[in-house]
Each structure stands twice: as structure tokens, then as C-alpha cells.
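The structure under discussion appears below in the form of C-alpha cells.
Each value in this text was obtained by applying a stated rule to the coordinates, not by laboratory testing. Keep in mind that what you see is a predicted model, and the values were worked out from it rather than measured. FYI the Cβ positions are ideal-geometry reconstructions off the backbone, even for glycines, and counts take in every protein chain you see.
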Amino acid sequence: MKRIFRINYLFIFLSIGCFQVNAAEKVELLKTDWSFKGLFGKFDRASLQRGYQVYTEVCASCHSMKYLSYRNLSEKGGPEFSLEQAKAIAASFEITDGPNDDGEMFERPAKLSDKFLMPYANDKEAQAANGGAYPPDMSVLAKARSGGVDYIYSVLLGYEDPPSGVTLDEGVYYNKYMYGNNIKMAQPLSDGLVEYIDGTEATEEQMAKDVTTFLMWAAEPHLEARHKMGFKAILYLIILTVLVYFSMKKIWSRIESEV
Amino acid sequence: MSDHEYVPKSKFGKWFNDRLPLLSLASHLTDYPTPKNLNYWWTFGGILTFCLITQIVTGLTLAMHYIAHADLAFESVEHIMRDVNYGWLIRYIHSNGASMFFLAVYIHIFRSLFYGSYKSPREIIWIIGIIIYLLMMAAAFMGYVLPWGQMSFWGATVITNLFSAIPFVGEGIVNWLWGGYSVDNPTLTRFFTLHYLIPFLILGLVVLHIWALHVPGNNNPVGIDIKKPSKDTVPFHPYIVIKDGFALLMFMIVFAFFVFYSPNILGHADNYIEANPMVTPAHIVPEWYLLPFYAILRSVPDKLLGVIAMLSAIFILAALPWLDTSKIRSAVFRPLYKQFYWIIVADVLILGYVGAMPAEGLYLLVARVATAYYFIHFLIILPVLGYKEKTIPVPLSITEPVLGGFPNPSTVKKKESIN
Amino acid sequence: MSEKKVERRDFLFTASYAVGAVGVGAVIWPLVDQMNPDASVKALASTEVDISSVEPGKSITVLWRGKPVFIKRRTQEEIDEARAVKLEELKHPETDEERAKNPEWLVMLGVCTHLGCVPLNDKGDYNGWFCPCHGSHYDTSGRIRKGPAPTNMEVPRYEFVNSNTIKIG
């Protein structure tokens with residue numbers, strides 16, 4: 001048994017090494033308590049729904065979410081809007097479909113099976129409309145930045161006046177947590193910017209937290225299922241390991257007594 | 001192969017076995033006499049077989065949904081993660097499985113280094129193992145390209161550019177590898193093809209690896225030749241099977257933690273950004289299991305020499321059975337080698353660490369010292385040690401150390417041929 | 001004493017095998033289920049078709065769930081022919097009234113029930129459809145009359161959203 005523990009030390013050492021590699025060279029990020037962290041972590045439904053509201057009212061005018069469909073909004077483990085609500089949300093967007101029998105593209109209200117409406121026709125248009133900076137797609141953003149949700153949360157709240165001596169180009173803002181501290185996105189959130197349907201007070205921190213939670217779900221829609229299955233799988237493995245351990249002791253006792 | 005001729009009991013069994021001796025093979029595998037003192041470091045052979053099969057099965061199922069096209073690869077991976085039934089599970093097992101595979105293979109290799117398993121008469125087993133390791137690196141590298149994220153793209157660019165170091169024909173070779181003037185769709189499709197092929201080559205080599213193992217039989221912690229079958233051995237089934245099974249389950253618990261609770265910790269965030277040939281990520285890092293070699297590559301200031309150093313670091317291992325001149329296998333009886341062994345372990349870990357750091361300042365200096373030591377260990381220390389080292393007397397049979405817990409020089413008989 | 005030992009051993013081994021077998025089963029299921037229709041395929045369950053331009057006696061073919069659907073605007077003659085057939089004559093007895101709620105419009109999957117080929121329109125011995133693969137003849141209601149196909153062509157779930165639009169699925 002001792003030897004096995006040594007193997008695990010090696011594994012622990014390796015994973016700590018990886019953490020350090022990822023964590024090096026960064027400013028301390030803002031922390032908040034995420035409900036989806038930990039062995040039994042789950043999304044906060046209400047927060048996801050508010051987060052969708054922030055996304056659609058604030059972010060969606062520049063940032064696409066091309067891998068999400070309206071049906072996802074009512075799927076299990078997500079914001080869990082009712083089917084009717086999700087249909088109504090979808091129908092509030094006009095998307096381009098076609099070609100029809102005459103070979104023409106046409107507009108129609110979106111259906112559950114449609115992907116989220118894109119703010120720009122293509123990347124070039126997105127760049128042109130944003131002073132050359134391409135607003136990244138947000139579908140997997142929470143996994144595509146080291147620091148993950150903490151980083152996104154921090155950037156959303158990290159706008160401040162540049163320190164003396166730092167001059168910024170036009171259309172560039174100072175952000176404490178952004179790599180290189182220069183960001184081309186103007187401060188997106190301010191107190192009371194959206195009016196939450198559920199009556200929650202829309203403070204800057206609240207909105208940042210909600211929309212970041214929403215982004216985490218968007219990037220990892222099966223997170224809850226994964227946590228749930230993981231608990232079962234590991235519990236199962238531990239039970240089987242114990243059974244096999246005693247079976248092994250029994251079997252080996254045959255020869256150990258012989259010698 | 002077997003020490004006794006197996007005769008099936010049933011008439012049909014005998015008829016079948018005379019034509020295709022599968023039952024003889026099964027009997028050989030179950031009765032295969034194994035040293036009874038194998039410790040848990042020996043269970044990684046079985047664990048590696050599990051890893052290979054897991055990678056093949058999950059890989060096959062992923063290939064049913066993955067699209068090897070520069071415009072669709074990233075999207076198809078997202079499709080797997082979002083829409084395919086259990087797609088997220090299968091992909092996370094596959095991507096973390098690569099890391100677990102390398103974790104196990106490194107333990108397997110370092111076990112061999114500690115107990116001298118590569119020495120006569122097991123040189124062929126060792127060399128086949130090195131080839132498997134090389135193929136694993138190729139498969140892992142090409143597999144990492146398939147999601148077509150930023151790290152995929154730039155990793156592929158950097159690694160294929162290594163070939164441009166070859167004088168005169170380098171550029172031609174790189175264009176041939178790419179099928180164009182940059183890493184692009186033709187590169188992706190051929191990498192997918194080869195990524196699909198290599199695991200089956202590995203599977204074939206694993207059969208040879210085990211076949212070659214079953215000729216002399218397992219080495220053991222004491223490192224002496226044993227009579228088979230004898231009091232020193234146990235039949236493979238059930239003794240080794242259950243022990244391997246137990247160790248495998250422990251390994252699977254670690255595996256499951258990664259898959260279910262931190263599936264992206266071993267990967268790099270940049271690979272969730274779709275490949276963009278116009279922008280290189282700030283800091284290109286290969287997967288952790290390739291870092292030591294990456295550090296060796298970067299520690300040499302010359303392009304061609306750097307590539308040569310990196311490749312030598314791997315190929316030097318194939319010559320190990322002849323570089324190590326000591327007649328004693330196990331480090332248990334080699335007090336000096338044992339210390340150098342832990343130094344080379346630390347050296348490789350240090351190389352891995354600096355491989356992940358920017359190649360500048362102190363990191364570069366450390367990388368250079370560690371690289372130099374790596375080669376000194378294999379080319380100078382090991383050959384000299386075989387002649388100079390005063391070893392501890394080796395027991396004649398493994399029954400005694402098993403009884404005594406650990407070999408006690410005063411109770412074991414001296415073997416004359418040793419130094 | 002030794003008997004008790006044997007019992008405990010047997011229980012241990014049986015339990016280990018049983019628990020192990022459950023695990024193997026649990027691992028196989030995701031590997032099988034990944035081949036089932038995925039969430040994005042299931043979401044594309046219905047399609048709407050504009051039928052305003054279909055002349056009597058003509059038909060259009062639309063794609064639904066990757067399969068062709070025949071939408072035929074039948075003439076009075078064809079309707080009469082379909083409704084005159086006695087049930088005893090049919091291999092797969094179904095009345096035309098059951099198959100076409102609105103007699104003018106016949107909506108069915110254009111897939112031969114033999115082995116899945118697409119039958120040809122206005123062909124065969126019964127003025128309906130004829131499958132060129134293995135020679136199945138269908139009548140003006142899409143019912144099998146002659147040949148190897150075992151059943152009538154399938155009528156999917158559909159509804160008239162308005163007089164010009166059919167929603168299939």
C-alpha cells in the first residue's frame with residue numbers, strides 16, 4: 001500500500017506543477033463564490049436566467065455565441081427556461097433563412113432549433129465595426145482564457161483610470177486585469193444598466209457575476225451532469241477497489257501461508 | 001513458449017487447438033510463471049494496456065462525429081461536447097486519457113531504469129518499448145492538432161518547422177509534410193489519418209513487446225534470474241491478474257478525478273480559441289508530457305543542433321542496454337547508481353518545469369545545465385559506474401528477500417561473479 | 001472454521017465479479033448511445049411546406065428528417081379510384097379515408113417499405129407509384145398492391161396550419 005501512496009504523490013506533484021505553470025505571471029484576480037465549483041457544484045438557475053438577460057441586452061450586440069441554439073435555453077442543467085419561454089425568446093429574433101423556391105433568402109422568426117443570432121455577417125464586419133478589434137465569440141470564452149471565470153469576472157470589473165504616466169490611444173481603455181492592461185471594449189457594465197425581470201438589484205458586481213455564470217454554462221453545458229456522474233463513478237470505483245483489495249488479500253494468502 | 005504442452009480436455013477443443021492453438025495461448029497466458037515479488041511498480045504494464053484500449057475505443061467513437069476539415073473541425077468538436085449523447089464524456093476521457101497514458105508510461109520507463117529491466121536478455125523488449133514511446137509521442141502530438149484550436153495550429157507549425165533545420169532539403173520536407181506553404185487543411189486531414197493509424201501500430205508492437213517479455217520472463221525487484229516455474233514464481237492468473245486489477249482501479253480513480261472534476265486542467269486555455277493563422281498565442285507550450293524534450297530543444301542556441309539534441313535525448317535510450325555496463329540489474333544492490341537514479345529523475349522533472357517557462361534568463365541557464373547533465377548521465381556516468389561501483393551482494397533466490405522483507409547482506413549468500 | 005472461510009471467499013469473489021460487471025455495463029452504454037440521434041438532430045423534428053402552387057394531379061417532394069415526403073394534390077378521378085377499392089383486395093388493409101384526412105391532399109413518406117428506395121410517380125399497374133428497385137406497385141392512395149413490399153407507404157404526422165401550409169412532424 002505504501003508504494004501506491006508514493007505513486008499518488010507523484011501525481012499530486014505533477015498536477016501542482018501544472019497549476020503553477022498556469023498561475024505564474026498574473027495579477028491576483030478578483031474572487032467570488034461560484035456555485036458551480038466543487039464536487040457537487042451546480043449552476044444557480046436564477047443567476048443563469050439573469051445572465052442570459054445581461055448577455056442578450058448588453059453583450060449580444062457585439063459578441064456572437066455561434067455554438068448555442070435557442071433550444072439550449074430550456075435544456076436540463078442550463079437556465080431551464082420553460083419550453084414556452086424558450087420558444088418566445090427564439091421568436092423575438094428575426095433570422096435569415098433560405099433560399100426559398102424562388103432562390104431568395106428571407107427573414108423569419110427564429111425557432112428552437114436555430115443557432116443564436118449573430119451580431120455581424122462575418123468576422124471582417126465585426127472587426128470593421130469595432131475599431132479593428134474582433135469581439136471574440138462567447139460560446140467557449142470561459143474555457144478559452146486562463147483564469148477562466150475569475151478572469152472574465154475580473155476584467156468586467158477591472159476598469160479604472162490609467163495610472164499617471166500611461167497614455168492610451170483613442171478607443172483604448174485601461175483595465176487592471178486585462179493582459180497588457182489595454183482593452184478596446186469600453187466598460188460594458190454600470191449599475192442599473194439592465195432591469196432584471198426577477199427584481200434583483202442590478203449592481204455592477206451582480207451583473208458581472210450573472211453573466212459570467214451564464215458564460216460558464218455556455219462553455220460547459222453538461223457541467224452538472226458531469227459532476228453528478230463523477231460522484232457516482234468515483235464512489236463506484238472506490239467500492240469495487242475495496243472489494244478487489246480484499247479478494248486480492250484472500251488469493252495471495254494462499255501462497256504466503258505456503259512459504 | 002509454454003514450459004508444458006497444453007492438451008484441451010474436450011474433443012472439440014482438441015480439434016480446434018490442433019488447427020489454431022488459441023487454447024494453448026490462453027493456457028500459456030494464465031499459467032505464465034511470474035516472479036512472486038513483483039511490486040506495484042510492475043502493475044503499470046497492465047495499466048498501459050488499459051490506457052491503449054481506452055484511447056482506441058474512445059477515439060473510434062469520436063471519429064464517428066469528428067470532421068477533419070479546417071473550417072469544421074473546431075465546430076465538430078463543439079458539436080461533440082454539446083449535442084452528441086455522452087460526447088463530452090467520451091472526449092474528456094480521450095483527451096485526459098492521453099495524459100494518463102503518458103503518466104503511466106513514464107512510471108513504466110522509470111521502473112525499468114531503477115530495476116535494470118532493459119539489460120540482457122531483455123534488450124529487444126526495451127527497444128520495442130522505445131519505439132512504442134516514440135509512436136505515442138507522434139500520436140499525441142497529431143491528436144492535439146485535431147481540435148484545430150490555437151495551440152493545435154501553432155504547435156503543429158512549430159513542431160513541423162523542426163524539419164526545416166535539415167540542411168538543403170529542409171524546406172522541401174516541411175512543405176511536403178504540410179501539403180502546402182503553411183499548416184492548413186491538407187495538414188489536418190493527413191494528421192487525422194496518421195492519428196487514426198498509429199494506435200493500431202502501437203497495438204501490434206505491444207503484442208511483440210509482450211511476446212519478447214514472455215521469452216525470458218519478467219525481471220523482478222531483486223533483478224536476478226529465477227527458475228520457472230519454481231517457489232519463486234506464481235501463475236499469472238489469478239495472482240498477478242488481481243493485483244494488476246487492484247492497481248488499475250486505483251489508477252482509474254485518479255483518472256476519473258481528472259475527467260469529471262478538472263477535465264481541462266492539463267490542457268491549455270488557448271486551444272478553446274479557434275485556429276487563427278494571423279495571431280500566435282503569447283506563449284507556446286506543448287502538452288506537459290513533451291516538456292522535457294522541448295526544454296532540451298530550446299536550450300541549444302543553434303537550430304539544427306537543437307533538433308539533433310532533442311532527438312538524441314530519445315534515441316540515446318535505445319542504446320541504454322549497452323551504455324550501462326553494470327552486470328547487476330536492480331538498483332537495490334547498486335548504492336551509487338541508486339543515487340544517480342534519483343538525480344536523473346529530478347533532472348527530467350526540472351527539464352519539464354523549465355520547458356513550461358519562457359526560454360530566458362535563469363530558466364535558460366537551468367535548462368542548459370539540466371540538458372548537459374542528461375547526456376552526461378547516460379554517456380559518462382552509466383558506463384563508468386558499471387566498472388567502478390562496489391555493489392551489495394545479490395541473493396541467489398528471491399524467496400529469501402521476500403521472507404526477510406528486504407535483502408540483508410549478512411544472511412544472503414554471495415554470488416561470486418560480481419565485481 | 002475452514003467452511004466459513006470458503007463462504008466468505010466465495011461471497012467476496014461473487015460480489016467483486018457482480019460489481020465489476022455492473023461497471024462494464026455502465027461503460028458500454030455511453031459508447032452505444034453516442035450513435036443514437038443527437039440533440040441537434042432531434043431538434044429538427046418539424047418542417048413547414050407551402051403548397052399553394054401545386055396544381056391538381058401534380059405532386060411535390062420535400063425533405064423531412066432526411067427522407068423525401070410526397071405531397072400529392074389528387075384529381076377527383078384519383079380519389080374515386082382510391083376509395084372504390086375493397087379492403088379485402090389489400091395486402092395491408094387501410095381505407096383511403098384513414099390515409100388522407102383531406103381527400104384532395106395525400107401526404108406520405110416517399111420511401112418504399114420493402115428496402116427503402118424512392119418509388120417513381122405516375123408509374124405502375126395501379127396509376128400510383130412504382131418502385132424501380134424490386135418492382136412494388138402502389139395505388140393512388142400509396143397502398144401496396146403488388147410486389148415484395150409488406151406495407152403501405154407511411155403517412156407521417158402532419159397538419160394544415162392554414163389552407164396553403166402543411167406542417168409535417
Based on alpha-carbon centroids, what's the gap between the range A:175-195 and the range B:222-276 in Å, whole number please? 46 Å
Students often forget the sequence filter, so: which aspartates and glutamates lie under 20 Å Cα-Cα from residue A:250 once same-chain residues fewer than 8 apart are removed? A:258, B:31, B:232, B:244, C:3, C:7, C:10
Rounded to the nearest 10 degrees, the helix A:2-23 long axis (Cα) sits at an angle to the longest Cα principal axis of chain A of 20 degrees
Expected sort for B:280, B:61 with the fewest Cβ neighbours (10 Å cutoff) up front is B:280, B:61
Sequence of C:52, B:99, B:397 once ranked by neighbouring C-beta atoms within 10 Å, starting from the fewest: C:52, B:397, B:99
Peptide-level mean, for C:37-48, of C-beta atoms on other protein chains within 10 Å: 5
Of the listed pairs A:249/B:36; C:101/C:146; A:115/C:72, which have alpha-carbon separations greater than 22 Å here? C:101/C:146; A:115/C:72
Check which residues have an amide H placed less than 5 Å from residue C:64's amide H, if you skip close sequence neighbours. C:69
Quick check on the exposure proxy: order C:64, B:176, A:252, B:148 from fewest to most C-beta atoms within 10 angstrom. B:176, A:252, C:64, B:148
Eligible aspartates and glutamates near residue A:176 by straight Cα distance, threshold 15 Å, same-chain separation 8 or greater: A:25, A:28, A:150, A:160, A:161
Using alpha carbon centroids, what distance separates the range B:145-174 and the range B:13-76, in Å? 31 Å
Tabulate in residue order the Karplus-calculated ³J(HN,Hα) for the range B:31-37, using 6.51 cos²θ - 1.76 cosθ + 1.60 with θ = phi - 60°, rounded to whole Hz; enter x for Gly and Pro. 8, 2, x, 10, x, 6, 9
Most mobile of A:50, A:108, A:145 in a GNM of chain A (Cα contacts under 10 Å): A:108
In whole Hz, with x marking every Gly and Pro, tabulate ³J(HN,Hα) for the range C:116-129 from phi via Karplus 6.51 cos²θ - 1.76 cosθ + 1.60, θ = phi - 60°. x, 7, 9, x, 8, 7, 6, 9, x, 6, 10, 6, x, 10
Karplus 3J(HN,Hα) series, Hz, for the range B:42-57 with 6.51 cos²θ - 1.76 cosθ + 1.60 (x for Gly, Pro): 7, 7, 6, x, x, 4, 5, 4, 4, 4, 4, 5, 4, 5, 5, 5
Average partner chain C-beta neighbours within 10 Å, per residue of B:230-243? 3
Reachable aspartates and glutamates from residue B:390, Cα under 14 Å, same-chain residues fewer than 8 places away excluded? B:416
If you build a Gaussian network model of chain A, linking Cα atoms that sit under 10 Å apart, which residue out of A:189, A:83, A:117 swings the most? A:83
Could you check which residue among A:130, A:100, A:175 shows the biggest mean-square fluctuation in a GNM of chain A with a 10 Å Cα cutoff? A:100
Which residues' amide hydrogens lie under 5 Å from the amide hydrogen of residue B:34, considering only partners 5 or more residues apart or on another chain, with H built in the peptide plane? B:234, B:236
Count, for each residue of A:219-229, the Cβ atoms from other chains sitting within 10 Å of its Cβ, then give me the mean as a whole number. 4
Taking the alpha-carbon centre of each part, the distance from the range A:111-167 to the range B:280-315 in Å is 34 Å
Using the structure shown, list the pairs from A:232/C:42; A:66/A:232; A:124/C:167 with a Cα-Cα distance above 31 Å, or answer none. A:66/A:232; A:124/C:167
